[in-house]
Every structure is written in C-alpha cells, then in structure tokens.
C-alpha cells in the first residue's frame, strides 16, 4: 500500500496563502506555485491539486512520488498556476466545509489573477475529492483528473470515521450527503475533459466505481481517458500520472 505522506524537500517559488473561510470563520490555507515568467496581467490557467488522506497542502507541492511530480511538471510545462489547498486537511473527503473552501479559493484565484480555466486533479482521497467537487460544481471546473480515487462514497467502506466526521454523519445518518458526493450518480455533469487512473489490485480504494463512471460519461463525452493497470495497486506511476494530467490539460487549453 502506498502512503500519501508529505516530503518537505525544496521546491520552486511558492506562496502560502491564508484566508478566513466564509462557511465557519476559521483560518484555512492553500499554496500557489507560480510558473516561470508569470505576470498578473496575462491570462493563465490553474491546476488545483488535492492531497490524499493524512496529508496536507504541501503534498502535491513537494512530495517526490510520481503522482505529485507529474502534476507539477505538467503545470510548469503549460505555464499554469499550480494550487494546492488544505481543503480541511487531513481527513477532508470533500465534505461540506471542504467544498465551501474550494468554491472560495476558486473565486479568490479569479479575483486576484486572470485565471481563465480551472482543472482539478488529485490522488486517493484527493482523486475522490476532485470527482466529488466536479459533480457538485461542474460550472466551476473545466477539466478533472482522478488518480486512484473512488466515485461512489455510498458503497465505499474504508476511512468511515473520517468520512462520517466530514459529512456530518454515517451513511445511515446522512445518506443524502453520501449520494450527492458520489460522482457515479451524476455522469451527465461530466461534460468537460476527464481522465482517471485505476489499479486492478487496489484494495485501499477499489477501482470499480471510477471505471463505471467513465463508461457512463463516455456515452456523451468524447474527451475521456481511463488508464487502468490490472496489476496496479493504490498508486499511479509517473508516466501514467503525467499522461492523465496532460490529456486533460491539453484538451482544455486547445
């Protein structure tokens, strides 16, 4: 099993941003990595990367695992703002507060910079969160990449204490919350470019729901890529991660 932990090795120039969350008044944070030659006067696309369970906003900024390096490299190659939020670290699962923070962060990015496109990506819990947020706010997302995530939180049976705390109750106590945050139930909302990676031997976040979602999305959306490794576990190598992110970024920017 691959662990989603943070490596604090040195990275490119970053800005660690604090803001007061509209939904509850708490202080929340996200990191921006600026591309070479960045100018506030020029239009720019943004790649927002969502970390995994147990980590925080620094994972995709500094970790050397393949998923994180690939996202950074594609963002840099395309001159994108690379943004990594805490989104209620470390056990977010894109609950209501994390969702509200994401909406606020996107609004702040568009107010502060000339952001033209928003692409979400993430791994594990972050891959799940990217799909969940897109299903909830398709009008705010121009492309989405899920690396080893799940699309069905109603059937998912891992990390239940953390998810219940995030969602305001268990599946029995808050069934509507689990359904509304399960992307598989809303394939018609995925009209933007979509990519996902899955592993056939992933026992941490099984691949079936994401594969079903993308099968459904493909019936009406030609810009869909699924990279499935039958022998893969709960991680995606650099090459597949880069291919998935590059696919979506290239489709959105063309």
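So if I check each of 27, 15, 99, which one is in contact with a helix residue (DSSP H, G or I) (Cβ under 8 Å, 6 or more places away or on another chain) and on the phi < 0 side of the Ramachandran plot? I'd like the intermediate steps shown before the answer.
On the way: 27 fails: in contact with a helix residue (DSSP H, G or I) (Cβ under 8 Å, 6 or more places away or on another chain); 15 fails: in contact with a helix residue (DSSP H, G or I) (Cβ under 8 Å, 6 or more places away or on another chain).
Every option except 99 fails the conditions.
Only residues that are closer than 15 Å to residue 73 by Cβ and touching a strand residue (DSSP E or B) at 6+ places or on another chain (Cβ under 8 Å): list them for region 225-254, please. Give the derivation first.
Narrowing region 225-254 to residues closer than 15 Å to residue 73 by Cβ: 236-250.
Across region 225-254, the qualifying residues are 236, 240, 241, 243, 244, 245, 247, 248, 249.
Can you tell me which residues in region 35-65 are on the phi > 0 side of the Ramachandran plot and under 19 Å from the mean Cα position of the chain (by Cα)?
Let us first name the residues in region 35-65 that are on the phi > 0 side of the Ramachandran plot, namely 37, 54.
54 - this is the single residue of region 35-65 that is on the phi > 0 side of the Ramachandran plot and under 19 Å from the mean Cα position of the chain (by Cα).
With respect to residue 151, determine if the residue is crowded, with 19+ Cβ neighbours inside 10 Å and out of contact with any strand residue (DSSP E or B) (no Cβ under 9 Å at 6 or more places or on another chain).
It is false that residue 151 is crowded, with 19+ Cβ neighbours inside 10 Å and out of contact with any strand residue (DSSP E or B) (no Cβ under 9 Å at 6 or more places or on another chain).
Quick one: which residue in 131, 213, 226 is more than 25 Å from residue 54 (Cα to Cα) and part of a helix (DSSP H, G or I)? Lay out the reasoning, then the answer.
Details: 131 fails: more than 25 Å from residue 54 (Cα to Cα); 226 fails: part of a helix (DSSP H, G or I).
Going through 131, 213, 226 in turn, just one is more than 25 Å from residue 54 (Cα to Cα) and part of a helix (DSSP H, G or I): 213.
Residues to consider are 52, 66; find the one that is out of contact with any strand residue (DSSP E or B) (no Cβ under 7 Å at 6 or more places or on another chain), over 15 Å from residue 248 (Cβ atoms) and modelled with pLDDT of 95 or more. Working first, answer last.
Details: 52 fails: out of contact with any strand residue (DSSP E or B) (no Cβ under 7 Å at 6 or more places or on another chain).
66 is the lone residue from the list that is out of contact with any strand residue (DSSP E or B) (no Cβ under 7 Å at 6 or more places or on another chain), over 15 Å from residue 248 (Cβ atoms) and modelled with pLDDT of 95 or more.
Would you be able to say whether some residue in region 76-98 is in a helix (DSSP H, G or I) and within 25 Å of residue 227 (Cα to Cα)? Explain how you work it out, then say what you get.
Initially, region 76-98 is screened for residues in a helix (DSSP H, G or I), giving 76-77, 96-98.
Now narrow it down to the ones that are within 25 Å of residue 227 (Cα to Cα): 76-77.
Checked region 76-98: at least one residue is in a helix (DSSP H, G or I) and within 25 Å of residue 227 (Cα to Cα).
Among 224, 249, 210, which is buried (at least 24 other Cβ atoms within 10 Å of the Cβ), in contact with a helix residue (DSSP H, G or I) (Cβ under 6 Å, 6 or more places away or on another chain), under 15 Å from residue 144 (Cβ atoms) and touching a residue at least 12 places away in the same chain (Cβ under 8 Å)? Before the answer, list the steps.
Details: 224 fails: buried (at least 24 other Cβ atoms within 10 Å of the Cβ); 210 fails: in contact with a helix residue (DSSP H, G or I) (Cβ under 6 Å, 6 or more places away or on another chain).
249 is the lone residue from the list that is buried (at least 24 other Cβ atoms within 10 Å of the Cβ), in contact with a helix residue (DSSP H, G or I) (Cβ under 6 Å, 6 or more places away or on another chain), under 15 Å from residue 144 (Cβ atoms) and touching a residue at least 12 places away in the same chain (Cβ under 8 Å).
Residue 181 - would you say it is on the phi < 0 side of the Ramachandran plot and buried (at least 16 other Cβ atoms within 10 Å of the Cβ)?
On the way: on the phi < 0 side of the Ramachandran plot: yes; buried (at least 16 other Cβ atoms within 10 Å of the Cβ): yes.
Taking the combined requirement at face value, the residue satisfies it.
Any chance you could count how many residues in region 166-197 are more than 27 Å from residue 119 (Cα to Cα) and outside any loop (DSSP other than H, G, I, E, B)? Break it down stepwise before answering.
So the first thing to find is which residues in region 166-197 are more than 27 Å from residue 119 (Cα to Cα), and the list is 168-175.
Subset that is outside any loop (DSSP other than H, G, I, E, B): 175.
Qualifying residue count, region 166-197: 1.
Can you say whether residue 184 is farther than 26 Å from residue 240 by Cα and touching a residue at least 24 places away in the same chain (Cβ under 8 Å), as far as the supplied structure shows? Full working, then the answer.
Working: farther than 26 Å from residue 240 by Cα: no; touching a residue at least 24 places away in the same chain (Cβ under 8 Å): yes.
No, not satisfied.
Looking only at region 188-198, decide whether some residue is over 18 Å from the mean Cα position of the chain (by Cα) and farther than 26 Å from residue 47 by Cβ. Explain how you work it out, then say what you get.
To start, the set of residues in region 188-198 that are over 18 Å from the mean Cα position of the chain (by Cα) comprises 188.
Adding the requirement that they be farther than 26 Å from residue 47 by Cβ leaves none.
Checked region 188-198: no residue is over 18 Å from the mean Cα position of the chain (by Cα) and farther than 26 Å from residue 47 by Cβ.
Within region 142-149, is there a residue that is assigned to a loop (DSSP other than H, G, I, E, B) and over 13 Å from the mean Cα position of the chain (by Cα)? Reasoning before the result, please.
Let us first name the residues in region 142-149 that are assigned to a loop (DSSP other than H, G, I, E, B), namely 142, 148-149.
Now drop any that are not over 13 Å from the mean Cα position of the chain (by Cα), which leaves none.
Within region 142-149, not a single residue is assigned to a loop (DSSP other than H, G, I, E, B) and over 13 Å from the mean Cα position of the chain (by Cα).
The values are calculated or read from the model by the stated rules, or taken from the named source; none is laboratory data. None of the values given here were measured: they were computed from a predicted structure. Cβ: placed from backbone, ideal geometry, glycine included. Neighbour counts: every protein chain shown.
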